[in-house]
Amino acid sequence: MEQKTSLLKDVVIRFSGDSGDGMQLTGTLFSETLALGGNVISTFPDYPAEIRAPQGTVAGVSGFQVHFGSVGVNHPGDLCDVLVAMNPAALKANVRFIKPDATIIVDADSVTADNLAKASFQTSDPISELNLEGRNIIFARITTMTREALADVELDIKSKTKCKNMFALGICLYITERDTAHAHEYINNKFGKKNPTVAAANNSVIEAGYNYAANNHLNHSSYAVEPAGLPKGRYRTLNGNVATAWGLIAASHAAGLKLFCGSYPITPATVILEELAKHKSLGVTTVQAEDEIAGICTAIGAAFAGRLAVTTTSGPGLSLKSEALGLAVMAELPLVVVDVQRGGPSTGLPTKTEQSDLMQALYGRNGESPVVVMAATSPGDCFYSAFMAAKIAVERMVPVVLLTDGFIANSSEAWAIPQFSDMAKICPPFATADNTPFMPYQRDDQTLARKWATPGMAGLEHRVGGLEKDCATGNISYDPANHQRMVDLRKAKIDAVADIIPEQDVVGASDAQTLVIGWGGTQGHIRSAVEQLVDEGASVAHCHIKYLNPLPKNLDQIFARYKKLIVCELNSGQLATYLQGQFPQYTFLGMGKVQGQPFTIAELVEFIKTQI
Amino acid sequence: MANYNYKPEDFKSNQQVKWCAGCGDHAVLNSVQRALPEIAEKLDIPREKFVFISGIGCSSRFIYYMNTYAFHTIHGRAIAVATGVKSGNPDLSVWVCTGDGDSLAIGGNHFIHALRRNIDLNVILFNNEIYGLTKGQYSPTSKYGLVTKTSPYGTIEQPFNPGELTIGAKGTFFARTVDAEVMLTKDILVEAAQHRGTSVVEALVNCMIFNNKTHANFAADKATRAEHTILLRHGEKMLFGANKDKGLVLDGLKLKVVTIGEDGYTLDDILTHDATTEDTTLHTMLAAMKYPEYPVALGVIRNTPSPFVYDQSLVCQQQSVKESSKIQSVDDLLNSGEVFEIG
């Protein structure tokens, strides 16, 4: 392959078309090729909530954005360098995501009066109607060329036309100076045995697209980037929901416990239940419960029966689970509750992202009811966060709420595959036969965890429940002093978790004056914004909090080093309010965004600049 | 037969029983503690494998009086928690103590879905037709027109019949007993334990304080019960009355009470109870019989073997997937699908 232009640091490409055009597959295949070539990638699928929105309309547009580069790619990118638009609606839906110097590849065959009308264009010239004249527009007759490439193939015209996404893939592989080997391998694995004709057709079309780009000198707009220099090793792509499921499975094996998940389907958390349901061979039991409450209650029952118990949900579901979560607090049973946050309140924005369940996770229960709260910071981190959530729950006999969000749940990144033998062990505090007479609420001096006696252990029969317990026997107690003591103990037990969580780290200028604080799934965006500001000479650093209750012990020392503390989060200031309550000696400035969308780097940079 | 030789005392906890004197729950506790030694022998279940789960209400305090593993959960959710216990560890014998409010009002959803799944739980439904622990409000089984604190002019709601609801929700086992019939209750519980699938045992219990004598018309004493209840036994004629001279026949599509020797009816005309038939028609009619038109049916009304038992299917499916799956370890999982090497 001829080297055409200087290599770029990073590039964003967005594939966009009708829901049925295969954009998710095209994007995934393209991203995998990039990752194989050693680029760091971050992807984000953006599809409609409706399953089959009307064809050709803006509502029916499905998109897949991939950001790839040599270093520092930890978010899917604000605006795209290349837009592939398979129809006029895709053009219209994405106009706000296009850079001023972007290349736009349009399927010229799709620009028909009918499609223009469906996408509500007023004129026959979508480019000028959308004010896209300055862009590098390539009208390629993708549909026609796809059919021509398959002229001799024994397939009906509809099946041939379906291959047009592979033509677009071929073009993109050419302009990013990638070869087509991985795409062919994938197609052969997927269709080769079942339907060799379809496999051959897709392979031909990939080459046709690639050759079209080469023959038409699309190298004028080359988007090659240099490899990232990732450490040697085995990698895969992984989205946050699958990573969460796998982290829980790994934890169950590290603990020697069978995994139990009781959940009710809810967007955007459902994939975790779906993924866990596949893995019965690894000792996983899933119950699709009749409602959210049954989801957590079956999990609590399984925890009582000695399983690593999990329930997965999103914001409205967490609301429904509140009372039962209090029962887990009272019964002091290990439980992991995963909340994949979405736009709220009420049904809100089910397919869009937000970080607005922090207060609900911290405080959304009756009574004094502390739980451990933590938040995953990236798709791959969901694996490690889920593992750690399970470790804390089991070893400390507490419920843990793990917050992820719709963005990291659906995004994927290249992920270095760990070895199970390198992962931490999890040690359940099981009672032993000599713990008789069994005192269910007797505690370990350090951890304050009670012992776990599970049905089937002879001689340790005991009763637990939601009524206040005597601090040793577990019998019902209305004694005022005992209640105070138990409330204090339950809090102290959560606080003691601070002993095993890592110290908070800070990234950025060492003598910085301003600290930008974030939590959860915004890590990539905030990190990029701060890096950009540091590159520009600004005196800023970034502190991204994963453990929210208890907070890391060294946070106070960190905050004390900075003149200005800015909290950036996708809500109206929940972490800022929480930190202000915990650390009244400092002032926390808040930047909140509640639009159902991730931060853009540009808006973060702009806001932080106004504050420093 | 196992050889545990448990006594009822072995299942009594050290906690003081705190129900009101005269409450029907005392008698049911007595029956359960008599039934468990027999169940332990028959099904080879050691004491540590019995688990009692309850919700909220007077009857849900039951579990504190049992010397077994037990969990007093939250209002309405006993069956959901029990579903987690049983599917988490299908090896356990799981019992649910719940009331008419707990399982048919706030917990109605879990009740019908447990029956639909036919998970192997034994549900003892204490029906006193009133909310006792909150001090006297009408429940979903209160008779129409009942005057209570929240229905000072009488309820304007139709009650549920737990038997109809159970059978309508695909239930495979339904039995009814009254608190005073301690040995009948015990026998029914043993049969419920042997049934694979969800068993619902409705125990008609009296609340002395807030709904006294709600079942008295047909259940007040032995003589009344003889005349106004019918004890159904599988394979036996549906006879009742002190002299066993009354019985049930089908008159068209309805049940009819007849007296043997009157109107030309003989013993041969009387229906024979088949608790095992899958057909729900007669079971539903028997469960629905109300005083005074009919005798109230006691005993095991429905006990249908079903191939669809949730916890058994769960274990079978896990075993077959384990045998056929390529993924046998966490490392297999992490390296499954598309993986690539760098360097």
Cα gyration tensor shape of region B:1-91, rounded if a/c is under 1.5, else prolate or oblate by comparing a/b with b/c: oblate
5 angstrom amide H check on A:Val338, placed H, neighbours 5+ away: A:Thr311, A:Thr312, A:Thr313, A:Leu402
Lys pairs, region B:137-267 - Cα-Cα below 18 angstrom, 8 or more residues apart or on other chains: 12
Residue-count net charge about B:Ser54 - beta-carbon cut-off 13 Å; Lys, Arg +1, Asp, Glu -1: +1
Beta bridge orientation in the protein assembly as shown: antiparallel %, DSSP, nearest 5: 35 percent
Degrees between helix B:108-117 axis and first principal axis of chain B (Cα, 0 to 90, nearest 10): 70 degrees
Gain on full stretching of the segment that runs from A:Val594 to A:Thr432 - 0.36 nm per residue minus C-alpha separation: 53.3 nm
Along each principal axis, Cα extent of region A:429-500, largest first, Å: 33, 32, 17
Sequence-distant residues sharing a close amide H with A:Ile426 (under 5 Å, placed H): A:Ala255
Hits among lysines - C-alpha to C-alpha of A:Lys232 under 24 Å, sequence gap 8 or more where chains match: A:Lys9
Two-site label geometry, A:Tyr478 and A:Ser128: point separation in nm, points 7 Å out along Cα→Cβ: 8.4 nm
Under 27 Å between alpha carbons - lysine pairs in region A:10-221 that sit 8 or more apart or on different chains: 23
A:Thr587-A:Gln611 pseudo-label distance in nm [points 7 Å out on the Cα-to-Cβ vector]: 1.3 nm
Chain B: angle of helix B:310-324 to the longest principal axis, Cα-based, in degrees nearest 10: 20 degrees
Cut-off 15 Å, label 7 Å out along Cα→Cβ of A:Leu25, residues of region A:134-177 by amide N: A:156, A:158-170
Rounded to 5, percent antiparallel among DSSP beta bridges of region A:237-422: 15 percent
Linear extension gain, B:Lys42 paired with B:Lys135, 0.36 nm per residue minus alpha-carbon span: 29.5 nm
Chymotrypsin sites (Phe, Trp or Tyr not before Pro) lying in DSSP loop within region A:473-568, provided at most 11 other Cβ fall within 10 Å: A:Tyr478
Within 10 Å of each Cβ in A:231-239, the average number of Cβ atoms from other chains: 4
Dimensions (Å) - chain B, Cα atoms, principal axes, largest first: 95, 47, 46
Cα gyration tensor shape for region A:337-413, rounded if a/c is under 1.5, else prolate or oblate: oblate
Normalised per residue, the volume of the convex hull around the Cα set of region A:506-611 (Å³): 91 Å³
Ordering of B:78-89, A:101-112 by burial proxy (mean other Cβ atoms within 10 Å per residue, highest first): B:78-89, A:101-112
Shielding by partners, peptide B:43-54 (average Cβ within 10 angstrom, other chains): 3
Alpha-carbon centroid distance for the pair region B:66-132 / region A:77-141, whole angstrom: 59 Å
Exercise: per-residue mean of other protein chain Cβ atoms within 10 Å, A:271-281: 3
Whole-number percent relative contact order across chain A, with pairs defined as alpha carbons under 8 Å at least 6 apart: 11 percent
Mean Cα-pair separation over length for chain B, i.e. relative contact order, pairs under 8 Å, 6 or more apart, %: 15 percent
The protein assembly as shown: C-alpha gyration tensor shape, a/c 1.5 cut-off, then a/b vs b/c: prolate
Relative packing of A:489-502, A:84-97, B:94-107, which averages over residues the other C-beta atoms within 10 Å, highest first: B:94-107, A:84-97, A:489-502
Length gained when the stretch B:Thr224-B:Lys149 is fully extended (0.36 nm per residue, less Cα-Cα span): 24.0 nm
FRET efficiency for B:Asp274 and A:Asp499, using Cβ-Cβ distance with R0 set to 45 Å, rounded to 0.05: 0.10
Sequence of B:Ser199, A:Ser346 once ranked by neighbouring C-beta atoms within 10 Å, starting from the fewest: A:Ser346, B:Ser199
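Here, each number is a calculation from the coordinates, and none is a lab measurement. All values reported here derive from a predicted model rather than from experimental measurement. Please note: Cβ atoms are built from the backbone with ideal geometry, for glycine as well, and neighbour counts cover all protein chains shown.
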